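Step one of this worksheet: look at the structure below.
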């Protein structure tokens, strides 16, 4: 019995129902660039962090998080990715530079608060600098907000 098709259909319907009041799907994309002093370098740590993060923002993981550390010179760092019910979350951190560079994306058809996410990144990884753009991708790339911390 193939359940993945049923799960995908169920998630699409849930996404539709979440936005039934608005009659429109929500397509929100948060793009974060941060310079951090305490970059994660342990795969299990980042896997746990992503799981907790997904729960804290009210999302549900469907696959992953998948995390892998690369030792390639010039590209050394860690990457984590998760498929959530409403889309995906991806984090890349390059730790050869100081402060380390984090690129973090959250894309969802569910609502979430970019300020809350940036505060968590600051608290957990001690940021030197953090900036984000928050986009509505429903019909175009409408910028909803941006900020520098």
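Bear in mind these aren't lab numbers, they're just calculated from the coordinates by the rules spelled out. Predicted model, so just to flag it, every value in this text is computed and none were measured. In this analysis, Cβ positions are derived from the backbone assuming ideal geometry, glycine residues included, and neighbour counts consider all displayed protein chains.
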Original post:
Going by the conditions given, is residue 88 within 14 Å of residue 42 (Cα to Cα) and surrounded by 15 or more Cβ atoms within 10 Å (Cβ to Cβ)?
Top reply: no
Subject >> Matching strands (runs of 3 or more DSSP E) fully within the stretch 24-115 where at least 2 residues are free of Cβ contacts under 8 Å to residues at least 40 places away in the same chain and closer than 27 Å to residue 142 by Cβ >> reply: 77-84, 87-94
